[in-house]
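Only one structure is covered here, and it is reproduced in the block below.
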Amino acid sequence: MKIDVTSLAIIKHLREGRKSFQKIAEDLSITENTVRARVNRLIEEGVLSVTGLVDPEAIPGHRLVMVGIKLSTMDLVRKGEEFSRLKGVVSVCVVTGRYDLILTVLMSDTHDLLAFYTEQVSQIQDVQSAETFVVYKAYNLKVPYIL
């Protein structure tokens, strides 16, 4: 599917939260059926996914951490998929630089950092090192609630 200016504008409107197709259509001077058809097509083609997101700072007892992972293998995509299945992992990025993977992990009172490393990360082979970055404050960050 070719992503044109109208599709990009619809996606931008959807980023702002629960906005009706009617309101998006009014803002873009197109019909509601056009918005609905384009959204459905973007979803069908895997370009768009509509999800509910939460602000981790707004949930008592939760904290967001970033984890840099250095691997002793170059099978980065497979390892990224393996890390993405761990409890609390919101996202995994294969990156350049000092680390091979950067994980975004949602911690809670019942799912703490020590348990994450000792019970989960320790089970994954080829981890050379890991470094944790505790997020004190995030701006415009919303994540799927997965715990």
Practice problem: Arrange VAL90, VAL105, VAL5 by Cβ neighbour counts within 10 Å, fewest through most, would you? | Solution: VAL5, VAL90, VAL105
Quiz prompt | q = 0.21, 0.24 Å⁻¹: log10 I(q)/I(0) that the Debye formula gives for region 5-44, counting C-alpha atoms only | solution = -0.54, -0.71
Self-check item: Within region 1-110, GluC sites (Glu not before Pro) in DSSP loop having at most 14 other beta-carbon neighbours inside 10 Å
Solution: GLU16, GLU45
Exercise. Counting only C-alpha contacts under 8 Å and six or more residues apart, can you give the relative contact order of the chain as a whole percent?
Key: 26 percent
Practice problem: Calculate, in nm to one decimal, what THR96 and THR73 gain on full extension: separation in residues at 0.36 nm each, minus their alpha carbon distance. | Solution: 6.9 nm
Quiz item: Reachable lysines from LYS12, Cα under 23 Å, same-chain residues fewer than 8 places away excluded?
Solution: LYS2, LYS23, LYS142
Quiz prompt | Segment GLN128-VAL47, extension gain: residue separation times 0.36 nm, minus the distance between their alpha carbons | solution = 25.7 nm
Exercise. Divide, for region 60-147, the radius of gyration over alpha carbons by 2.2 N^0.38 Å, where N is the residue count.
Key: 1.04
Self-check item: MRE, 222 nm, helices only [DSSP H, n ≥ 4, -39500 (n - 2.57), over the chain, to nearest 500]
Solution: -8500 deg cm²/dmol
Quiz item: If one puts a single equal scatterer on every Cα of region 11-88 and applies the Debye formula without solvent, what log₁₀ I(q)/I(0) results at q = 0.19, 0.22, 0.23, 0.27 Å⁻¹?
Solution: -0.92, -1.02, -1.06, -1.26
Quiz item: How many nm separate the modelled label positions at SER29 and THR118, each set 7 Å beyond the Cα in the direction of the Cβ?
Solution: 6.4 nm
Quiz prompt | Nitroxide proxy distance, nm - points 7 Å out along Cα→Cβ at TYR136 and ALA37 | solution = 5.2 nm
Quiz item: Sequence-distant or interchain residues sharing an amide H contact under 5 Å with LYS87, placed H: which?
Solution: none
Quiz item: If you place +1 on the Cβ of every Lys and Arg, -1 on the Cβ of every Asp and Glu, and leave all else neutral, what size is the dipole of the chain about its Cα centre, to the nearest 20 Debye?
Solution: 340 debye
Quiz item: What helices does the chain hold that run 27 Å or longer along their axis, going by alpha-carbon atoms, with a Kyte-Doolittle average of 1.6 or more, using DSSP H for the helix calls?
Solution: none
Quiz item: Using the 10 angstrom Cβ neighbour count as an exposure proxy, how do MET74, MET66 rank, fewest first?
Solution: MET74, MET66
Quiz item: Dividing the alpha-carbon radius of gyration of the chain by 2.2 N^0.38 Å (N being the number of residues), what value is obtained?
Solution: 1.29
Exercise. Would you order SER72, SER49, SER7 from fewest to most other beta-carbon atoms within 10 Å of each residue's own beta-carbon?
Key: SER49, SER72, SER7
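Only the coordinates and a few stated rules stand behind these numbers; no lab work does. All values derive from a computational prediction rather than experimental measurement. For neighbour counting, all protein chains shown are included, and Cβ atoms are generated from backbone atoms with ideal geometry for every residue, glycine included.
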